[in-house]
Amino acid sequence: NLGTPLTLYKPTIIAADDITPSQFLSLDRQYLQGMVLAQTGRTSHTLILARSFGIPVLSGIELEALQQLDDKDVFIDAQFGVLVTEPSDDVRHYFAVAMQLEEKNRIRQLKMADLPAVTRDGRCLAIGANIGTAQEAPAAFTHGAEGVGLFRTEMLFMDRDKAPDEQEQFEAYQQVLMNADNHPVIFRTMDIGGDKELKCLDLPSEMNPFLGYRAIRISLNRPDIFKVQLRALLRASAFGDIHIMYPMIASVEEVKQANDMLSECKTELAAEGKDFNKDIKVGIMIEVPAAAVISPILAKYVDFFSIGTNDLCQYTLAVDRMNEAIGSLYQPLHPGVLRLIKHVIDASHEQGKFTGMCGELASDPVATMILLGLGLDEFSMTASSIPLIKNILRSVSKAECEEVANKALTMDTAEEITEYAKSVLAEKGLL
């Protein structure tokens, strides 16, 4: 593990046992060319952050092997899981050509990024970006985002000894809105715990942190922190199109408690004569299986759902998404997961609400046609993935995607579904 913050003086690939999200954010990304990690799973928040900054990451490599990389020339290809040490001239040439081709493809996709995600039969999809800092917003819109489907507010709390006060948070959220240039922004309230630790809260060590004291559970237990954040978000809502989203909801009681605190904050701000959007929209993350199952009930208390497939998969399949040893069991296209997603979408539509997805599955081209066919209203993802997903959506019809989704739901295994979805995309020249 990294200790004190590293100072990088030249292009560097970091090799480590693991890196926390706050450690990653403290790195000098001017020289950070990539990371090779022993423990980080493919949906860890560190890896998700790295993707948002365009930093390639290889994971699941034994620590003993990492120790042999010190001070050596290394090339990595995160897409194909390749690591080369002391590369020959031929290998260097191969990587140079590959990087040139990737850059040409990126430029080609960016030229079409502003085109709307409208299917061939006229279905218009909302496309959002997942970001954690105001500085990421401009790049997200350059890549074709039409809003921010997930702003990770916990990044504001990381790597500091004291939680930010209301004014600091208000100014930070206001800056996000300014950078978002009038586009809608969904702010997820503080989602900490699991693999995201905060020095300023001094959280206890737990045997199973992903199943423990985290996210909305901390917020409801700490109104002194939660209400400060809600007040800051409400004040910022006077300056742009803000939606508020609660993470890791598992029951109606949690939604009611959170909404009661939000109402208290509205009453306080009104008494203080401060402006805010009185009709601000409120949604929840669907990432706990219980929430997915009772989504028809939860839909009565919120304006929208956003499916967090990273946690929904790990909880539904009982697979620690950080554990590389069982990584093959982490299957977002598992029939059980797809059925839960369909149930959630149907529940929201029956009550006139919308469902988005901000989990990593939203950026997986293999899943795009299936998700559209299931009725997903919004796709939100890392900015760099947006052009490809929008291109797929523009190249298909909603009707044919419904056929693909219905057929996928008849299949028995994630492998069958994956191969079928790939074959459909390949037939269309989209993969």
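The values are calculated or read from the model by the stated rules, or taken from the named source; none is laboratory data. Model, not experiment: these values are computed from the prediction. Note that each Cβ is placed from the backbone with ideal geometry, even for glycine, and that neighbours are counted across all protein chains shown. Just the protein is used for accessible areas: all its heavy atoms, side chains included, with ligands, DNA and RNA removed. Shrake-Rupley method; radii C 1.70, N 1.55, O 1.52, S 1.80 Å.
Just one of the listed residues (Ile131, Ile107) is open to solvent by less than 70 Å² (accessible area, probe 1.4 Å) and within 27 Å of the chain's Cα centre (by Cα), and it is Ile131.
Please specify each residue of region 147-184 satisfying the condition of being out of contact with any Asp or Glu (no Cβ under 8 Å at 6 or more places or on another chain), assigned to a loop (DSSP other than H, G, I, E, B) and modelled with pLDDT under 95. Phe157, Met158, Asp159, Arg160, Asp161, Lys162, Ala163, Pro164, Asp181 - these are the residues of region 147-184 that are out of contact with any Asp or Glu (no Cβ under 8 Å at 6 or more places or on another chain), assigned to a loop (DSSP other than H, G, I, E, B) and modelled with pLDDT under 95. Counting only residues that are modelled with pLDDT under 95 and either aromatic (Phe, Trp, Tyr) or crowded, with 22+ Cβ neighbours inside 10 Å (or both), region 327-362 holds 3 of them. Per the listing Ala98, Ala16, Ala50, the residue uniquely surrounded by fewer than 20 Cβ atoms within 10 Å (Cβ to Cβ), hydrophobic (A, V, I, L, M, F, W, C), closer than 24 Å to Ile326 by Cα and at pLDDT 80 or above is Ala16.
What residue, among those in region 60-92 that are of a type in the set (A, V, I, L, M) and under 16 Å from Ile19 (Cβ atoms), is nearest to the chain's Cα centre (by Cα)?
That would be Ala78.
Residues of region 203-237 that are open to solvent by less than 30 Å² (accessible area, probe 1.4 Å) and under 19 Å from Asp161 (Cβ atoms): Ile218, Ile225, Gln229.
Each row is one residue, and each column tells you yes or no for (1) at pLDDT 80 or above; (2) in contact with a Leu (Cβ under 7 Å, 6 or more places away or on another chain).
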residue	(1), (2)
Leu6	no, yes
Thr12	yes, yes
Gly34	yes, no
Glu64	no, no
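Screening region 383-431 for residues that are of a type outside the set (S, T, N, Q) and part of a loop (DSSP other than H, G, I, E, B) and picking the one that is most open to solvent (accessible area, probe 1.4 Å) gives Asp412. When Ile55 is tested against (1) in contact with a Leu (Cβ under 7 Å, 6 or more places away or on another chain); (2) closer than 30 Å to Arg394 by Cα; (3) open to solvent by 40 Å² or more (accessible area, probe 1.4 Å); (4) not basic (Lys, Arg), just one condition goes unmet, and that condition is (3).
In the set (1) within 24 Å of His45 (Cβ to Cβ); (2) hydrophobic (A, V, I, L, M, F, W, C); (3) at pLDDT 95 or above; (4) crowded, with 21+ Cβ neighbours inside 10 Å, Val366 fails one condition alone, (4).
Looking only at region 303-326, which residues are open to solvent by 10 Å² or more (accessible area, probe 1.4 Å), in contact with a strand residue (DSSP E or B) (Cβ under 8 Å, 6 or more places away or on another chain) and modelled with pLDDT of 95 or more? Selection gives Asp303 alone.
The residues on offer are Leu177, Leu220, and the sole one that is at negative phi and either under 20 Å from the mean Cα position of the chain (by Cα) or hydroxyl-bearing (Ser, Thr, Tyr) (or both) is Leu177.
Within region 185-194, does at least one residue satisfy the condition of being touching a Cys at 6+ places or on another chain (Cβ under 9 Å), within 16 Å of Ser219 (Cβ to Cβ) and either modelled with pLDDT under 90 or among the aliphatic types (A, V, I, L, M) (or both)? No, the conditions are met nowhere in region 185-194.
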